[in-house]
Amino acid sequence: MIRAFSLALQLLTRLPVPSFSTPPQPQELGQSVLFFPVVGLLIGGLLVGVNFALRGINPGVAAALVLTVWVLITGGLHLDGLADTADAWIGGQGNRDRTLAIMKDPRSGPIALAIVALVLINKFAALQALLTGNASAALLLAPMLGRAIIVLLLLTTPYVRPAGLGAPYADYLPRRRCGLLIALMAMAMVAISGWIGTGVLIGLGIGVFGLRQALMQRLGGITGDTLGAACELAETLALVMLALD
């Protein structure tokens, strides 16, 4: 389990992780999915620490610095997926093969830059509002929920690139344990956060359902890029909803 957690940490962050003497096996990559929300919680804990270190300064400046650290911790991994998905969605013009081909192109067009900018602006605005009070719960929840959405989509949606980097994660997913994990997380959030947590879960549920429907209609499933986009959108939605409370 320690190795599986290390693999999840290595994939989802740029935090230092000891190198392995042997390459990871596909089964270990699948097992690591169980730890995606745990990595999200760890990211959130680091953000809480940064916010604590910045206490007393202007909320706008603090929000910008917290968001900067957030992006640096993840290496912009999911922002890259968001950019590729946005480019492909517009450039693909409704065609599945064209959409998948554009996702492989490392270049980013104007729509990709615009979508990434809008997501970051919304995150910044929500963080600025939240940091005027106690933002610890929001900073912990948003990264965890974003990665829980990745687990949920892997659990419920076909992965469409058999040779893609995400294929072993989908093929060797411990499905029963992942389903139990998502259910326990949802119940815990409702029990701890009450109506606020319930509202966030309902909002995320509607958003994920809509996104999944769109992905199924266009691609027939998910890719690594669309999972990254889902994570970013889920984090943003959670922050905005918590800021509006």
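No lab work stands behind these numbers, since they all come straight from the coordinates. What you see is a predicted model; the values in this text were computed from it and never measured. As a convention, Cβ positions derive from the backbone with ideal geometry for all residues, glycine included, and neighbour counts pool all protein chains shown.
The figures follow:
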{"read-out": "Separation of the Ala191 and Met1 label points, Cα + 7 Å toward Cβ, nm", "value": "1.8"}
{"read-out": "Relative exposure of Ile222, Ile202, judged by other C-beta atoms within 10 Å (fewest first)", "value": "Ile202, Ile222"}
{"read-out": "Gyration tensor verdict on the stretch 44-175 (Cα atoms; rounded if a/c is under 1.5, prolate if a/b is larger than b/c, oblate otherwise)", "value": "oblate"}
{"read-out": "Fully extended contour minus Cα-Cα distance, from Ala214 to Ser136, at 0.36 nm per residue", "value": "24.8 nm"}
{"read-out": "Förster radius 45 Å - calculated FRET efficiency between Ser21 and Thr198, Cβ distance, rounded to 0.05", "value": "0.45"}
{"read-out": "The stretch 119-179-the stretch 84-106 distance, computed between alpha-carbon centres (Å)", "value": "22"}
{"read-out": "Choice from Leu154, Leu72, Leu141 with maximal GNM fluctuation in the chain (Cα, 10 Å cutoff)", "value": "Leu72"}
{"read-out": "Karplus (6.51, -1.76, 1.60) ³J(HN,Hα), θ = phi - 60°, over the stretch 96-110, in Hz, Gly and Pro reported as x", "value": "4, 5, 5, 4, 5, 5, 5, 4, 7, 6, x, 6, 10, x, x"}
{"read-out": "Residue order, fewest to most surrounding Cβ atoms within 10 angstrom, among Ser32, Ser193", "value": "Ser193, Ser32"}
{"read-out": "Inter-probe distance in nm under a simple model that places probes 7 Å from Cα toward Cβ, at Lys104 and Ala53", "value": "4.2"}
{"read-out": "Unit charges on C-beta of K, R, D, E only; dipole of the chain, Debye", "value": "300"}
{"read-out": "Two-decimal Rg/Rh across the chain, once Rg and the Kirkwood Rh are taken from alpha-carbon atoms", "value": "0.95"}
{"read-out": "Over the stretch 15-101 - Rg/Rh using Cα atoms and the Kirkwood inverse-distance radius", "value": "1.11"}
{"read-out": "Approximate spin-label separation Arg14-Ala114, in nm, with each point projected 7 Å along Cα-to-Cβ", "value": "2.8"}
